[in-house]
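Okay, structure first, notes after.
The values are calculated or read from the model by the stated rules, or taken from the named source; none is laboratory data. Predicted, not measured: the structure shown is a model, and the values here were computed from it. Using ideal geometry, Cβ is built from the backbone for each residue, glycine included, and neighbour counts are taken over all protein chains shown. Remember, those area values only see protein heavy atoms, side chains included, never the ligands or the DNA or RNA. Shrake-Rupley method; radii C 1.70, N 1.55, O 1.52, S 1.80 Å.
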Amino acid sequence: MNKVEHIGIAVSSIKIAGDIYEKLLNTTIYKTELVEQEGVETAFLQTGPNKIELLQALHDDSPIAKFIAKKGEGIHHVAFEVDDIEAEMLRLKQEGFVLLSDKPKPGADNKLVCFVHPKSANGVLIELCQSMNKG
């Protein structure tokens, strides 16, 4: 794993949370994107090398809606950049981690992604991200 790629924050409203984070970070949302297969709208902010992804549910049965219903708004996941997502998935499986998918799938921000189950990562949902321009 190369670095923390971004921190994902579950929000009820990208508009409301976006206004807050733009003021907090003294920057603007540089990109919004719908990820239909995950039932989410995303918005990205960046300050220096640090990125924040705001995640708003598109429907009541999406993973983000369920997360907010159970835990409220807040940190949803920590994403790590990897060079070779399939090799990293294999390594993590061999180390005993439980992955939420067998293959990487397209995610927001032109990335291939895979999530590590929080029960195998000390209660934290981990996302692996590989740029689709690599590999």
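Figure legend: label point modelled 7 angstrom from the Cα of residue 70 along Cα→Cβ; residues of the stretch 87-109 with amide N under 17 Å from it are 98-101.
Stretched out straight at 0.36 nm per residue, the stretch from residue 84 to residue 19 would grow longer than its current Cα-Cα span by 19.9 nm. Pairs from the table (3/70; 70/119; 51/119) lying more than 21 angstrom apart at Cα are 3/70; 51/119. Post the alpha-carbon centroid distance, the stretch 15-46 to the stretch 53-117, in whole angstrom. A separation of 17 Å, based on Cα centres.
Accessible surface area normalised per residue over the chain is 57 Å², counting heavy atoms of protein chains with a 1.4 Å rolling probe.
Loop-located chymotrypsin sites (Phe, Trp or Tyr not before Pro) in the stretch 1-72 (DSSP state other than H, G, I, E, B) with a sparse environment of at most 14 neighbouring Cβ atoms within 10 Å: 30. Determine the dipole magnitude for the stretch 32-119: charges of +1 sit on the beta-carbon of Lys and Arg, -1 on that of Asp and Glu, nothing else is charged, the reference point is the Cα centre, and the result goes in debye to the nearest 20. With Lys and Arg at +1 and Asp and Glu at -1, about 360 debye. Angle of helix 85-94 to the longest C-alpha principal axis of the chain, folded into 0 to 90 degrees and rounded to 10: 60°.
Extension gain for residue 93 to residue 119 (0.36 nm times residue separation, less C-alpha to C-alpha distance): 8.0 nm.
The portion of the accessible surface of the chain made up by carbon and sulfur, rounded to a whole percent, is 52 (1.4 Å probe; DNA, RNA and ligands excluded). Evaluated at q = 0.17, 0.22 Å⁻¹, a Debye calculation over the C-alpha positions of the chain (equal weights, vacuum) places log10 I(q)/I(0) at -0.92, -1.45.
With 0.36 nm allotted per residue and the present C-alpha distance subtracted, the residue 27-residue 133 stretch has 35.5 nm of extension available. Placing unit charges on the Cβ atoms of the charged side chains and taking the dipole of the stretch 55-132 about its Cα centre, the candidate lying farthest along the positive direction among 106, 63, 87 is 63. Backbone amide hydrogens, once placed in the peptide plane, bring residue 99 within less than 5 Å of 117, excluding anything fewer than 5 places away on its chain.
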